[in-house]
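Just so it is clear, none of the values below were taken in a lab; they were calculated from the coordinates. Please read all numbers here as calculations on a predicted model, not as lab measurements. Glycine gets a Cβ as well: all are built from the backbone with ideal geometry, and neighbour counts include every protein chain shown.
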Amino acid sequence: MLKTCAYLLWLTMMVGLPATAASIVVTVDGVEDRMSVENLRAIKAETLHTGTPWTDTEDEFEGIYLASLLEYMGVSPEQGVLALTALNDYRIEAPLMELVAADAFLGFARNGELMPVRNYGPFWLLFPFTERPELNDRAHRGWAVWQLKALDIRQ
């Protein structure tokens, strides 16, 4: 029975159902908060038009710029580090100043639809790759984590 439930949960995630109740864990210096898409929209939702190294088209993403999220949370990017963790436990760290300078964007919708897990969702840290082609380098591609489940900010 447990295996069947686990399989059905996995299958639901893989068929691309929208991430209607999507949330991401945001931790600042050990203090954890869970932020929903609605929370992020209320802070300062914006759009980013860009292509990516992994997609064939230029898309419109809805989300929040990392700089706006940091400002809302009272975090100064100087000397800070962001650890990004994906659903598959892929984890990478990046200097906050470099991410902010590169206009890092936490996307949660693509072309008007919340992003399902099978299509890079529920959250994807993006960069304006089309507008700023110099960001299509190894470091920024490594920081462009999809299927994000957690952001851990350390100052």
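Some observations on this one:
- D33 versus A45: modelled label distance in nm, points set 7 Å from Cα along the beta carbon direction: 1.8
- Extreme residue, positive dipole direction of the chain, given options M97, S68, L87 (C-beta unit charges): L87
- Rounded is the label for the range 61-148, because a/c, from the alpha-carbon gyration tensor with a ≥ b ≥ c as root eigenvalues, stays below 1.5.
- Sum of -39500 (n - 2.57) over DSSP H runs of 4+, divided by residues of the chain (222 nm, nearest 500): -7000 deg cm²/dmol
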